[in-house]
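Below you'll find the structure, written out as structure tokens, and then a few comments.
Where a number appears in this text, it was derived from the coordinates with a stated rule and is not lab data. Here the structure is a predicted model, which means the values were calculated and not measured. So basically every Cβ, Gly included, is an ideal-geometry build from the backbone, and we count neighbours across all protein chains shown.
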2 protein chains.
Amino acid sequence: MNRFLVLRDAYGSVQAILPDSKRHQFEEMIKSLNYESVLRIRGVVRNRGKARNPKIKTGDIELEIDDLEVINEAPPVLPLLSDQNALEQTKLKYRYLEFRSEDMQQKFRLRAQVTSRLRHFFEKLGFVEIETPTLSQWTPGGAAEFLVPAAKPNLGRFYTLPQSPQLYKQLLMCGGIDRYFQIARCYRDEATKSDRQPEFTQVDFELSFTSKEKVMHLVEELIKTAWPESLNEYEIFSSPFQRMKYEQAMNDYGTDKPDLRIPWKFENCPEKMASVLKTGVEEKENFSARMFIAKGTGRHCTEEQMSVWKKLIEINPHAQPFDIFIPPNQTGFNNWDSDFDTNELVTKYDIGPDDAVVFCWGETDGVQRTLGFLRNYLADTIDLRKKSGFKFVWIVDFPFFEKKQGNFECLHHPFTAPIKEDEIRLWKMEGLENIIAQHYDLVLNGIELGGGTIRIHDPKLQRHVFEKVLKLPTKHLEPFFEALSYGAPPHGGFALGLDRFIALLSQQGNVHTSIRDVIAFPKTKDGKCFLMNTPNEAPPGTLERYGLQIVKGDEKQNLV
Amino acid sequence: MNRFLVLRDAYGSVQAILPDSKRHQFEEMIKSLNYESVLRIRGVVRNRGKARNPKIKTGDIELEIDDLEVINEAPPVLPLLSDQNALEQTKLKYRYLEFRSEDMQQKFRLRAQVTSRLRHFFEKLGFVEIETPTLSQWTPGGAAEFLVPAAKPNLGRFYTLPQSPQLYKQLLMCGGIDRYFQIARCYRDEATKSDRQPEFTQVDFELSFTSKEKVMHLVEELIKTAWPESLNEYEIFSSPFQRMKYEQAMNDYGTDKPDLRIPWKFENCPEKMASVLKTGVEEKENFSARMFIAKGTGRHCTEEQMSVWKKLIEINPHAQPFDIFIPPNQTGFNNWDSDFDTNELVTKYDIGPDDAVVFCWGETDGVQRTLGFLRNYLADTIDLRKKSGFKFVWIVDFPFFEKKQGNFECLHHPFTAPIKEDEIRLWKMEGLENIIAQHYDLVLNGIELGGGTIRIHDPKLQRHVFEKVLKLPTKHLEPFFEALSYGAPPHGGFALGLDRFIALLSQQGNVHTSIRDVIAFPKTKDGKCFLMNTPNEAPPGTLERYGLQIVKGDEKQNLV
């Protein structure tokens, strides 16, 4: 072993061998060498002839060492070997060691490749890349924005880090940059939501004189152009992508982000079953009893599993009661003891011995959402959501507003235009719940990959939406309303979540993958970076500089 | 006039004409139409025949209006017309209107084009684009960094916005990403420095197993590749770019950022002149009397101008006394009454009637710097620094450290490696002032366009620089030192100031151009955005969210 070593760089590895003539000179050095040390070797590349190793790419050759120098020696033990499985925390703390693995090298090279192709696509079509500010102005509504305190002469004032370049790109449209794009860093202070990062990257574009269909077509072409060769086996391009109305998505799948790799759709329970379920329900109006058949999942529907799902679903305030039926004498948990003949169910729906009938009853909207969650959970038991493959679907015709505690809120964002036919009703404030927005979401494997809208370009209508419908303060939006008034062209755009897209690509469509895996130096769910110990106490003197005082710290924390 | 209108988009304009057959339908509409309104016109493109206007690009054709729709009407008066000269503040407030000008359209399309070529260059050479965090950890020393307060569970802690991706890119080198690049957003809270922006863009790259010469060569190739066709008349590519040692630059030009379009070099005053100047100077050690001849500037050296320069120069603590001599009987301000024969000067240096001899005496370093400033000021009187043209020069062999108030500071940054020959002296702390750093600055027309270094890859040496030489706290750098210890390859890189580069390109090399002109939505010198009224008061509830209180605001301000 003292005569061989393996040299590795970012692209591969090769065997080096110490010839007899050099043994006295380097043998001791090689013996004491630690893994992952940085070496400089001069030598001759030789054909290994019969000793070739066909299993490795460089197995035909070896490097005969003539001179060897240790440039930077690694310690005998490393906290993480690149191909090692370790705790998440360890991996994040030693992210640079994880980077040495083939898997990470591939992921980040894939990310760079796809990003480059996205840009080329826009450049070819004459889109102008423009960088918009990240030291920005907060906008009412929306996610929590990070603050950045300003120093003199702006003491006591703050910038905010933007959730998206929305206002700036609309201002560019007002400025005659008729085709804009940017791979933009965006920020959201929502550390608690699962698999979100406080900073993330968005492929952002906007164009003037366009339409919903034109933007959707552009996005389809964008994705085709960016698609990596390594995934060419997946035939996603039966273009255009499927379109589905919001209403249909909610009705068939209980979500506006359906994973269409799961073949199960909802339907009404048979009449007798529904009437049994209705008994004992207080609120008979707006009652539904709906179900879907989860093929091949029967054996996974154990009592234990059921109670886990129940707990998960009960978190949601709209949750409704549900149950699962599997044919008698199967390995599953039940059977369901009821007043109606389950044989009818088995026969009518051709339920096999390993199938499960998932059903839910109560207030319609809650029933749909509950079944929507269960559809994903059941699919997970047979790894349908992990499996390779890509199913894109456009969700369109979203309602503009939803009513929450008596007030109207936007389902997406307030810069969206209603469809032409609904504009008068928006002005008249009639049937606001039913107004359809010119919004389009792109969903991949049940994950929202991005969304866009045609924007309002009429300053009066835009003000009407904020002031009359949403009743939001508009002080900070006055400059924006003014901009629309100086001859803003009609415009619309889209934003694609780059991290999410790359995460799905890098795992062949498996949705149980984290965007952390494709972000070079991610934060944990708690917004921490274990590598650099971020966030940390303020540098000396800076709080004074910004005229600030900490009034409430978190004492449970140990400052590192 | 009621029959004609001009249609404009981002790419040009064309005349539209109302035919007689449509007069009754649209004449009133056209009459009442305001400039900059958004129109949709359907019609037929016609050859104007003899009525063609050869002065404009689309002068051969006109659009005969068949149908006309006003999509978004502009008001009768706009606060700014795109081709209008206006106050800086008005322009920034209505930046989107300024964007409609041909000049702005060209600048931002140029920026996008150059940025794209920069990226292609790196991609072709196998550099991997990696996005590094902007919610980062502060590093000791360097410019003031913006704070970003963190919410629960990190209350009382802060992220900082990075001045550059320095540490992250070095960590990537430790992680085997052997060629990295990024067009990176960077931040500096230095609102008061002239023509700086709180956020700016840096073309950042780093590679392993490289050398100073290799990096410099890469940068030269990078600039050649990105060079826009519109500037091909400037023959900058007598490759490689000129190299100049720091010492020579300081000696000949009094600055490490010499504008080599100015032909004047410094030299010692003639002996007799120097000895006269030395009289009355207290500190005779380290005394110099130096001068340069500013050809063709004599008429501009008025008494008034002199007193302006004196005031500007006196701000600098190292300033030394200076004076200007111009030959007798010229229009200039003086003559200098002295004990030595100025004829000797005139004859020896062939001083013409419109030339000025600028001289300065006192402590050597101060003399050089004073003359360095004056060289630029004098050049400005005859517009040498405004003139078209590009002179690149590499400044190399910088001292690693400089002594300030008894302490050593880095001339650039502490991650820089010393040259091989000086490493031992660095360990021994001998003659630290004379240690040469592997640093290289690229200067264009007297503007620092970027800089880079070969880094220290030995964790012990890196710690030594921070702890022993600079005496800086290293607590936050421990993870970085650790990373270097696990087999970091030798590496180095460069960062190019993109905003500055584009500003110079867009003005054919004129240095009196602001980076604000090529930033879409810039801040003022005071860090304000007049368009969006940034920075502003914190959104309701956010200070509580971050556990902060304002203890000192700036009361002179009116919150908008």
Taking every residue in B:89-102, how many Cβ atoms of other protein chains lie within 10 Å of its Cβ, on average?
-> 4
Relative to the longest principal Cα axis of chain A, at what angle does helix A:364-381 sit, 0 to 90 degrees, rounded to 10?
-> 30 degrees
In this structure, the FRET efficiency calculated for A:Arg23 and A:Lys124 from their beta-carbon separation, with R0 = 45 Å, to the nearest 0.05, is 0.15
Given 37 °C and 0.692 mPa s, how large is the Stokes-Einstein diffusion coefficient of the protein assembly as shown in µm²/s, with Rh as the Kirkwood radius over Cα pairs?
-> 96 µm²/s
So, in nm and shortest first, the distances from A:Lys387 to its counterparts in the other copies, with label points 7 Å along Cα→Cβ, work out as 7.4
Output the relative contact order of chain A, whole-number percent, from Cα pairs under 8 angstrom with separation of 6+ residues.
-> 15 percent
For B:Lys471 paired with B:Asn343, estimate the spin-label separation in nm (one decimal), with each label point 7 Å from Cα along the Cα-to-Cβ line.
-> 5.9 nm
Taking a label point 7 Å from Cα toward Cβ, how far is B:Gly126 from its twins in the other copies, in nm, shortest first?
-> 3.9
Between the stretch A:46-76 and the stretch B:195-252, how many Å separate their Cα centres?
-> 37 Å
Per the helix-only calculation at 222 nm, which mean residue ellipticity applies to chain B, given -39500 (n - 2.57) for every DSSP H run of n ≥ 4 and division by its residues, nearest 500 deg cm²/dmol?
-> -8000 deg cm²/dmol
Within 10 Å of each residue's Cβ, count the other Cβ atoms and sort B:Leu312, B:Leu477, A:Leu78 from fewest upward.
-> B:Leu312, A:Leu78, B:Leu477
Between B:Pro149, B:Gln170, B:Phe390, whose Cα lies farthest towards the positive end of the dipole of chain B when Lys and Arg beta carbons carry +1 and Asp and Glu beta carbons carry -1, centred on the Cα centre?
-> B:Pro149
Once the Cβ-Cβ distance between B:Arg42 and B:Asn85 is put in as r, and R0 is 41 Å, what FRET efficiency do you end up with, to the nearest 0.05?
-> 0.65
Which length gain, in nm to one decimal place, applies between B:Glu423 and B:Lys245 when the Cα-Cα distance is subtracted from 0.36 nm times their residue separation?
-> 62.1 nm
When B:Ile223, A:Ile17, B:Ile315 are ranked with the fewest other C-beta atoms within 10 Å first, the list becomes B:Ile315, A:Ile17, B:Ile223
How many nanometers, to one decimal and shortest first, lie between the label point of B:Leu81 and those of its other copies, if labels sit 7 Å from Cα toward Cβ?
-> 7.5
Looking only at the stretch B:134-178, which residues have a backbone nitrogen under 17 Å from a spot 7 Å from the Cα of B:Gln405 in the C-beta direction?
-> B:141-144
Treat each spin label as a single point 7 Å out from the Cα along the C-beta direction, and report the B:Ala51 to A:Asp66 distance in nm.
-> 8.2 nm
Between the alpha carbon centres of the stretch B:114-165 and the stretch A:18-32 the gap in Å comes to 44 Å
Where a ≥ b ≥ c are root eigenvalues of the Cα gyration tensor, a/c under 1.5 meaning rounded, otherwise prolate if a/b exceeds b/c and oblate otherwise, the stretch B:262-360 counts as oblate
Just report the Cα centroid separation between the stretch A:484-525 and the stretch B:464-520, whole Å.
-> 28 Å
Between 0 and 90°, nearest 10: helix B:102-124 axis offset from chain B longest Cα axis = 60 degrees
Separation of the B:Glu448 and B:Gln549 label points, Cα + 7 Å toward Cβ, nm | 4.1 nm
Note down, for chain B, the three equivalent ellipsoid semi-axes (square root of 5 times each alpha carbon gyration tensor eigenvalue), biggest first, whole angstrom.
-> 48, 37, 25
On each of the three principal axes of the Cα atoms of the stretch A:4-72, give max minus min coordinate, whole Å, ordered largest first.
-> 29, 29, 17
Taking every alpha carbon pair in the stretch A:110-234 and sorting the distances into 10 angstrom bins from 0 up to the bin holding the longest one, the percent per bin comes out as 11, 34, 33, 17, 4, 0
Lys and Arg at +1, Asp and Glu at -1: add these up for the other residues within a Cβ distance under 11 Å of B:Pro240 and post the number.
-> -1
If the cut-off is a Cα-Cα distance under 19 Å, which lysines reach B:Lys245, setting aside same-chain residues fewer than 8 apart in sequence?
-> B:Lys212, B:Lys214, B:Lys257, B:Lys265, B:Lys391, B:Lys420
Most exposed first, judged by fewest Cβ atoms within 10 angstrom, B:Met306, A:Met250, B:Met173 run B:Met306, A:Met250, B:Met173
Over all alpha-carbon pairs in the stretch B:341-393, figure out the percentage whose distance exceeds 19 Å.
-> 49 percent
How far is helix B:212-226 tilted, in degrees, relative to the longest principal axis of the Cα atoms in chain B, given as a value from 0 to 90 rounded to the nearest 10?
-> 20 degrees
